[in-house]
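The values are calculated or read from the model by the stated rules, or taken from the named source; none is laboratory data. This structure is a prediction, so every number in the text was calculated from the model and none was measured. Glycine gets a Cβ as well: all are built from the backbone with ideal geometry, and neighbour counts include every protein chain shown.
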C-alpha cells in the first residue's frame, strides 16, 4: 500500500504545478468583504448556542447527533450551499442515556457528580446498598468475594492521587517544538487490572461499577466503548474528590450506602452521517479541484461539546454562511464537511476518503484540507506538518488577518484529529492552531465543556480565518505544495 501511494505521488508530481509563494498575492478585496460580513453581520454566536444548547451533546450514532447533522444540512441548504447532504457510513448502534441518579444516603445524604460510560448497559432497576470496595483486592480475593458482589455497587479503584493538572504544550508557543497529539494519559490504579476484574465482576453479577475520574474539582471525564457487550456490568465515573472520600471511608471500615439508577437505550440503526455541502468551482480548468474545510461535529455525552468540537464545527458552519452571503463564485470547488465519529477513531474522515479519494485522480483533485479541532479560542494559524513550501504560502496569507490576531503558522504538525489520514496519504492537510489553556485539564471530554468557555469575538474570528484561507486556496494559481511520502 505504501509503495503504491509513493508511486502515485511521484506520478502526480509531474501534473501538479506548484506556484511559488512569492507569486501568490492574496485577494485582499474578498478578504475585506469576508471580514465585513463576519464582523458586522455575524451569526456565529446564535449558531453556536443553537448547536450546543439545542443539539448538545452529540454522541456519534445517537439521535442527538443525527438531529444536529440534519440541522447543519438544512442551514447549508437555506443559505444556498449546493448539494447540502448527509453521507451515511456504517458505525454500529447508537446509545442514549435516559436516566442517571447517584446519591450517597449513609452516613449522610449527598448528591454525587457521576456520569455513565457511553454504551454502558442499563442497571436492573434502582439499587440502594452498601458499597463494596475492591480497589485493593487481588483477582483471587475478588473471586472469593463472589457472594458479596452479586447485586453490589462496586468501587473498583484505589483513591485517585494523580490528576490532569496541565495542558499539553503547543508547537510554536514554547521551545519544545514537538509534534502534538493527544495529552498524556493519567493513571487510575487498582491492584487487579481492569481487564482481569471486569469478567470477575460480570460472573459475580455486580449491579454497577464506579471508578474515579482523573480531573479535579468536580470535573468528570467520561467517554465509552461502542463495542461494549450487552452482558457487561453497567459502569460509571465519579468525581475524584467524592470517590476518594467514599473509598477512604470504606478502607476505614465505615459503611457507606448509595442509591444508584442508570437507564440507557440503544438505537439499532447502524449508520451515522457526515454533513457535506459545496460551492461549485466555476473555472473549467480547475473546477474539479476541491478545497475541503472541515471539523468534527460529534462530541462526548457529559456536556454540550462546546470546545470539543463545537467551536471548530461552528467555524466551518459560519464560514459557509459568510461565503454564501457574499454569493461567491470560486475557481475551485469549496467543500464544507462536518464529520461524525472522530472520537471513535477519525471514522467520518476515513469514510470520506474511502468514498471520495479512492483513485489517484481523485487524490490529485484535492487542493487542500483545512481542519479545525483541538483547543479553543482564536485561530492563530496552522500546524504545517513539516511542509515548508506550503508554510511559505500560508505565511503570505496570514498578513491580511494581522488585525484579527492571527499570528503564526508553525512547521510542526499535530496528530489525533481528522486531517491525519489525509496527511498520511501525502495530501496537503493542515489543522488550525488553537489555545490549549484549560482545554486538556478542564473541558476536553468532560462535564465542563460548555459554551461559556468561548467568547463571541473568538467565534467570529475563527470563522473569518477559515473563510479567508478557503477562498485564497480556491483562487490561487497552481497547487498547494505536497510532501513526498517517505
- Got a sec? Which of 233, 237 is within 30 Å of the chain's Cα centre (by Cα), buried (at least 21 other Cβ atoms within 10 Å of the Cβ) and not in a strand (DSSP E or B)? 233
- Task: Return the pairs, sorted by first residue and then second, in which the second residue is outside any loop (DSSP other than H, G, I, E, B), the first residue lies in the range 439-458 and is surrounded by fewer than 19 Cβ atoms within 10 Å (Cβ to Cβ), the beta carbons are less than 6 Å apart, and the residues are 6+ apart or on different chains.
- Result: 450/306; 456/45
- helices (runs of 4 or more DSSP H) (entirely within the range 355-435) containing at least 3 residues that are without any contact (Cβ under 8 Å) to a residue 40 or more places away in the chain: 388-398
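Okay, residues lined up against (1) out of contact with any helix residue (DSSP H, G or I) (no Cβ under 9 Å at 6 or more places or on another chain); (2) within 30 Å of residue 348 (Cα to Cα); (3) at pLDDT 95 or above:
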residue: 221; (1), (2), (3): yes, yes, yes
residue: 228; (1), (2), (3): yes, yes, yes
residue: 231; (1), (2), (3): no, yes, no
residue: 241; (1), (2), (3): yes, no, yes
residue: 247; (1), (2), (3): yes, no, yes
residue: 251; (1), (2), (3): yes, no, yes
residue: 266; (1), (2), (3): yes, yes, yes
residue: 270; (1), (2), (3): yes, yes, yes
- Query: Going through the range 245-265 one residue at a time, which ones are surrounded by fewer than 16 Cβ atoms within 10 Å (Cβ to Cβ) and in a strand (DSSP E or B)?
  - Reply: 257, 265
- Query: residue 429 is checked against (1) within 30 Å of residue 302 (Cα to Cα); (2) touching a helix residue (DSSP H, G or I) at 6+ places or on another chain (Cβ under 9 Å) and fails just one. What number does that condition carry?
  - Reply: (1)
- Task: Could you check residue 302 against (1) buried (at least 18 other Cβ atoms within 10 Å of the Cβ); (2) outside the structural domain of residue 51 (by TED's automatic domain parsing); (3) part of a loop (DSSP other than H, G, I, E, B) and say which number it fails?
- Result: (2)
- The residue from 177, 204, 194 that alone is in the same structural domain as residue 128 (by TED's automatic domain parsing) and at pLDDT 95 or above is 204
